[in-house]
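Here is the structure we will look at, set down as structure tokens.
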Amino acid sequence: MDHNPKLVSSEIAALWSAYMQNSMSYCIIQHFATVNEDDDNTVVLQTALSNCQYVINEVKQIFEKEDHALPIGFTQEDVNLQADRLYSDLFALRYIKYTAAAGTAAAAALLEVLARNDVRALFSKISERFMNLYNESCDLLLKKGSFIRSPTIPPMQKAEYIESESFISGLIGKHRPLTTIELAHISKNTETNSIGRTFVAGFSQSAQSPEVRKYMERGAEIAAKHETVFRKILLEDEVPLPSSWDSTISQSIEPVFSDKLMMFHTDSLTVISVAGYGAGIGASLRKDISGHYTRLLAEILDYGRDGVKLMIDNRWLEQPPQNVDREALRNRSE
């Protein structure tokens, strides 16, 4: 007899999150594709749309087969394809690269908690598709001379062991040079803040709710502040600063995305920042750097909590699948 196990909680969580993220991204990339004027971007944009649609359809099939409710997610009601452009075509390409990398990493990381063959096969395929998209977008950015690289340092002359605890100092006085691992995390977190700042700045001028506009303005200020902190660390270490991201935002105030979508996207970017800062703390041996991360992490956690409250107040936050409330069942007759 064939063994047909039901979906376990980690598999439901992975599928639910994939549906939410890709239905959101599909709306955003649709707008990018509609206003795109750069012929070089066309194939990458269409591949990105195809990837999102693939994930949406596959998750839908599995949930329907298991009689599991499909998430509401995001639909054509959450994007106005007649609206004027909000961001440049180059920023759209960089967004594709960024989200393709995030999608690849998320799908690969989830494999560890997936048991069912069909779910593992799906996320293996998702990882493969998004990795290919990442490489395509990287190649195009390199061709355009617009790939933002990490800082360059001289090659290491010889391998050696750490000899003094001064290696982990840095709060007071002179500190040792940054390691390449610390540089990599600083560069990645600078990139996350750059793309987040550009997004929420555009959201702030096109949001319909005054509360959402104010929240997005606050987010842009926080991201700019965090970028400055990271760049200052590089300057003090005399590390060449990477180029800034293209942050061209049009003057359009016409709503492109629903406030619900913009809030969800901002929350997603906040979650990525939290993960990035946590990884940065773990990888940074210099106390001053881990101190910066800890302080900045507290600020974005506070920002994220306020965003969740705002979404709940407006009934925009969709409830993830959860366990049965046994107490409520026991007390149903009271």
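For the reader, a short list of remarks on this structure follows.
- Across the range 66-107, no residue has a backbone nitrogen under 18 Å from the label position 7 Å along the beta-carbon direction of Glu211.
- Highest mean packing first, where packing is the average number of other Cβ atoms within 10 Å per residue, the peptides 202-209, 23-30 line up as 23-30, 202-209.
- Semi-axis lengths (Å, descending) of the ellipsoid that matches the C-alpha gyration tensor of the range 260-323: 28, 12, 9
- Computed over the range 13-148, the percent of Cα pairs more than 20 Å apart is 46.
- Listed residues Leu234, Pro177, His265: farthest to the positive end of the dipole of the chain (Cβ charges): Pro177
- Alpha carbon convex hull of the range 288-334, projected area averaged over orientations, nm²: 5.7 nm²
- If you count Lys pairs in the range 200-334 whose Cα atoms are under 18 Å apart, skipping same-chain pairs closer than 8 places in sequence, the total is 5.
- Taking 0.36 nm per residue of sequence separation and removing the Cα-Cα distance, the Glu160/Glu37 pair yields an extension gain of 39.1 nm.
- Accessible area of the chain belonging to carbon and sulfur atoms, whole % at 1.4 Å probe: 53 percent
- Convex hull volume of the range 179-329 per residue (C-alpha atoms, cubic angstrom): 132 Å³
- The chain: relative contact order in percent, alpha carbon pairs under 8 Å with at least 6 residues between: 21 percent
- Solvent-accessible area per residue for the range 206-334 (1.4 angstrom probe, square angstrom): 56 Å²
- Two-site FRET efficiency, Arg120 against Asp67, from Cβ-Cβ distance with R₀ of 22 Å, rounded to 0.05: 0.55
- When +1 charges are put on Lys and Arg Cβ atoms and -1 charges on Asp and Glu Cβ atoms, the dipole computed for the chain relative to its Cα centre reaches about 580 debye.
- If the segment from Arg326 to Lys60 were pulled out straight at 0.36 nm per residue, it would be longer than the present Cα-Cα gap by 93.0 nm.
- Cα-based reach from Lys65 at 24 Å (exclusive), listing lysines while leaving out same-chain residues under 8 positions away: Lys6, Lys125
- Computed over protein heavy atoms with a 1.4 Å probe, the accessible surface of the range 5-53 works out to 38 Å² per residue.
- The angle separating the long axis of helix 180-206 from the principal Cα axis of greatest extent in the chain is about 50 degrees.
- Cβ-based charge dipole, the chain, positive-most Cα from Leu49, Leu90, Asn80: Leu90
- Helix 287-313 axis, angle to the chain major axis (alpha carbon atoms, nearest 10°): 30 degrees
- Extent along the principal axes, Cα only, for the chain: 67, 48, 44 Å, with the longest axis given first.
The values are calculated or read from the model by the stated rules, or taken from the named source; none is laboratory data. If you're wondering where the values come from, they're calculated on a predicted model, not measured in any experiment. Note that each Cβ is placed from the backbone with ideal geometry, even for glycine, and that neighbours are counted across all protein chains shown. Accessible surface areas use protein heavy atoms only, side chains included; no ligands, DNA or RNA. Shrake-Rupley method; radii C 1.70, N 1.55, O 1.52, S 1.80 Å.
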